[in-house]
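I have placed the structure first, in the form of structure tokens, so that the comments after it can refer back to it.
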Amino acid sequence: MNTPTEQLHPPVLAAGDYTRYKIILGTLGVVVPLLVAVLFYFKGLFKIDGADVYLRSLPAVNAALNSLTAVALLVGFYFIRQKNVLAHRASMGTAFALGGLFLLSYVAYHSQVDSTHFGGVGAARYVYFFLLLSHIALAIVTVGLVLFTLYFALTGQYTKHKSIARWTFPIWLYVSVTGVIVYFMIAPYYA
């Protein structure tokens, strides 16, 4: 513990061998995107008859979770700029929890409900697909970035945490905000 931050705010996890945490977070980083891909490509294997009726409201819930995640990220950014590490931890923990809830809700919805096709035309169509594709590509990257950033924070590796957070924060914020925009653009076409 060399820096003032490290002295005032020791690691959340006890010092020692972090191999177990590396394995857990590494496994999540591989399994989560793989699970999402499997559920999309083999959707029929996991369908539960009648479940789609109960899950139709989840896109709105997902948009709300994405909005709240973006707010938590911005609040966490504000707090770290104010050097309020404890409030930053709480905000970022909230963002992580909301992101986890979003992922569960997203997977539940897309594993049971047929995809909605965007019906817009002209420039709106190009904007929608640009936002959607960049959102999807960066969402995949975000899973790993968030897990690495979290790991470095929990283990007190604040220099590494700060270095990777400079990338994680804007990408995660972009993914959260574009998720909401994509929802509002496609919402009129839900059956």
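Descriptive notes on the structure:
- Check on residue 116, more than 20 Å from residue 37 (Cα to Cα), among the β-branched types (Val, Ile, Thr) and at pLDDT below 90: no
- Test: residue in region 44-51 that is under 22 Å from residue 182 (Cβ atoms), charged (D, E, K, R), in contact (Cβ under 8 Å) with a residue 60 or more places away in the chain and surrounded by fewer than 17 Cβ atoms within 10 Å (Cβ to Cβ): no
- Among residues of region 125-134, those that are of a type in the set (Lys, Arg) and closer than 16 Å to residue 37 by Cβ, counted: 0
- Search result, residues across region 149-189 that are touching a His at 6+ places or on another chain (Cβ under 9 Å) and of a type outside the set (A, V, I, L, M): 149, 151, 152, 155, 156, 158, 174, 178, 179, 189
- Residues of region 133-178 that are assigned to a helix (DSSP H, G or I) and hydroxyl-bearing (Ser, Thr, Tyr): 134, 142, 149, 151, 158, 159, 163, 168, 174, 176, 178.
- Here residue 122 meets each of (1) surrounded by fewer than 16 Cβ atoms within 10 Å (Cβ to Cβ); (2) under 25 Å from residue 35 (Cβ atoms) with one exception, condition (2).
- Some residue of region 57-76 being closer than 24 Å to residue 175 by Cβ and at pLDDT below 90: yes
- Qualifying positions in region 125-148 - surrounded by 16 or more Cβ atoms within 10 Å (Cβ to Cβ) and touching a residue at least 60 places away in the same chain (Cβ under 8 Å): 143, 144, 147, 148
- Residue in region 113-124 that is of a type in the set (D, E, K, R), in a helix (DSSP H, G or I) and either in contact (Cβ under 8 Å) with a residue 24 or more places away in the chain or over 17 Å from residue 188 (Cβ atoms) (or both) present: no
- Yes/no for residue 95 being over 30 Å from residue 49 (Cβ atoms), among the small types (Gly, Ala, Ser) and either within 22 Å of the chain's Cα centre (by Cα) or surrounded by fewer than 18 Cβ atoms within 10 Å (Cβ to Cβ) (or both): yes
- Taken over region 150-191, the criterion of being out of contact with any helix residue (DSSP H, G or I) (no Cβ under 9 Å at 6 or more places or on another chain), more than 30 Å from residue 121 (Cβ to Cβ) and either buried (at least 16 other Cβ atoms within 10 Å of the Cβ) or not charged (D, E, K, R) (or both) is satisfied by 170 alone.
The values are calculated or read from the model by the stated rules, or taken from the named source; none is laboratory data. Being a predicted model, the structure only gives us computed values, none of them experimental. As a convention, Cβ positions derive from the backbone with ideal geometry for all residues, glycine included, and neighbour counts pool all protein chains shown.
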